[in-house]
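Colleague: What follows is a structure written as structure tokens; I'll ask about it next.
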Amino acid sequence: MTLVLSAIVIVAVVVYFSFFYLQRKNASEIAVKKEQVNKLVESSVHEEILSTEKIKLSGESLTQFEETKQNYLYMVNHKLPQISEHLTELVDANGHYRFFEVRRELNLLNTKLETATKLEKETKQNLQEFKKSNLEHQKRIKQLEQKYQNIRKTLLAKNFSYGPSIDKLEEDLAKIEKTFDSYSQTTKQGDYVKSTEILKVLKKETALLEKAIKVIPSLYRSVKNVYPEQITEIKEAYDKLSATEYGFVTDFDKKISDIQTLIATNIVNLSELALDDGEQTDQKIDQEINEAYDELESELKARSEVEVKIETFKKFVAHARKNQRELLAELDRLSQNYTFNHDEMENAKQLDEDLKEIEQELANYQEKVDGKKPIVYSVLKEQQTKQIETLKKIEEKQAKIGDSVQTLWNDEQEAHKAVRLFDFDIHSVKRDLEKLNLPGLSKEYLDYFYSVNAEIDDLADKLNQVKIDMDEITKLMIDTQSDLDVLTEKTNDIIDSASLTERLLQYANRYRLRYPEVAQASDEAYHLFNQNYDYAGSLERIATAIDKVETGAYKKIEDEYYASKTTTNK
């Protein structure tokens, strides 16, 4: 029972303190919100509204101000009192422990106070904008008025600098003045919204006029003084150079006429204040004049360079011609005895044509100089530079062709020497075979021998012709040498096989009576040697039989043979 009572007491205490805590918390929040309401009611916005009302506003500006003011006053006079009254009711509800109702209503009031605070802030900003607009427009009026006066003074003081543009400039100035009066009047009436639109137009018109009075003097000076003087200078220089046999790529009479047309066009552009077109045309005129100056200067410089190099160039051409005559003469001489296989004659004739073309162009130049005819020296300079490179290549090719044919005679002598050596070698082969007194030679070997011999004879015949083809002869020499090497190898094989067979047959005699197989092998070897002329087969047959009855006998006899052969050759 005591525990139950204690629990009830504890719960009662907890509930009491909970109620006490919620009541204090709600009371604190109600007090904070009352303070917020009081601050909004006592806001400086009231004074700012009064000070803004003193500014003359009209039109859209006045409409916007009235809307801002009415929204704020409705909040202060209606919405804030309602919030204040509602807070008083919540104090009473909080005293009667209606905590959930108080909490719900405080949340709703919190949203309303946030909206009111936001409206107060926006109202301040809008009022500041009205004041700022007033100050800015006043400032802009003074600035634009100063600009207008400066433009007017400039046009009055320097109207001579604007040439055909002055009438249109004064017309535009009068238009700006009319727009400025409209802007000033609208601003004085306080319609800043409308005056802002007029200000945009006024600023654009003023900026265009400011640009015009800044740009036009330079453009007008160019078409009035600078360009005409430059055209006169160009024409005088052109006439002077033309009188001293200078030629030109450009038709200067037409170019000067075109520039004068552009100048006339730009005068019209200036009179109409078409400044973008005027600047583009001015750039075109400047470009055309600079090109004319550059071409005149280029021709002067080119003539000087051509005349400085012309004597050296003539000597270069003469030297190339001398080389060409010698080359053609040498080719003609050698062509009587040799066949050219690398287009030497055709290439030399092409070089001759290239050289004739350069000589003709040089003759044309000299003819113009002698006849005092116009010469475009810049073109001639470029042509001369290319011709010098061509002459260098011509002389390089001349030397290359000359070197390629100069070796023909030496090559022929080497070929004769080689043929003599081939003839000696094949006769040596024949003598070496004859020394052995062999019973005969195989058809295969004899065919090959006669084939190589025929190759040597054919090579000798070709070398003895009136006109020889050294390329063909060189190829035949390579083939003949290769075939002769093979023939020598075949011959050495026959000599070695026959010599070893004879030694082995003599050695086999000691075994014939005791070993029938050796006797049989000897008979077969004799047959292969004397009837078939198969010396390698004969050697293999007897060598195999002897090695069976005396291991290593063949190797010993073979080593002795090659040792004695080496000693004999030494």
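Colleague: What is the Cα coordinate range of region 351-468 on the first, second and third principal axes, sorted by size from largest, in whole angstrom?
Modeller: 96, 23, 22
Colleague: Please sort by residue number the trypsin sites (Lys or Arg not before Pro) in region 374-472 whose DSSP state is loop and whose Cβ has at most 14 other Cβ atoms within 10 Å.
Modeller: 467
Colleague: Given N residues in region 523-570, what is Rg(Cα) / (2.2 N^0.38 Å)?
Modeller: 1.32
Colleague: Taking Cα atoms of region 183-293, Rg/Rh with Kirkwood Rh, to two decimals?
Modeller: 1.30
Colleague: Sticking with this structure for a sec: Considering only protein heavy atoms, what is the solvent-accessible area of residue 244 at a probe of 1.4 Å, reported in Å² to the nearest 10?
Modeller: Here the accessible area works out near 60 Å².
Colleague: Can I ask one more? If you build the Cα gyration tensor of region 291-438 and take the root of 5 times each eigenvalue, what three semi-axes come out, in whole angstrom, biggest first?
Modeller: 58, 13, 10
Colleague: OK, next. Taking amide H positions as placed 1.01 Å from N in the peptide plane, with prolines and chain starts having none, which residues 5 or more places from residue 246, or on another chain, fall under 5 Å of its amide H?
Modeller: Those qualifying (amide H under 5 Å, at least 5 residues apart or on another chain) are 375.
The values are calculated or read from the model by the stated rules, or taken from the named source; none is laboratory data. Treat the numbers as computed from the prediction; the structure is a model and nothing was measured. Using ideal geometry, Cβ is built from the backbone for each residue, glycine included, and neighbour counts are taken over all protein chains shown. Heads up: the accessible areas ignore ligands, DNA and RNA and are worked out on the full protein's heavy atoms, side chains in. Shrake-Rupley method; radii C 1.70, N 1.55, O 1.52, S 1.80 Å.
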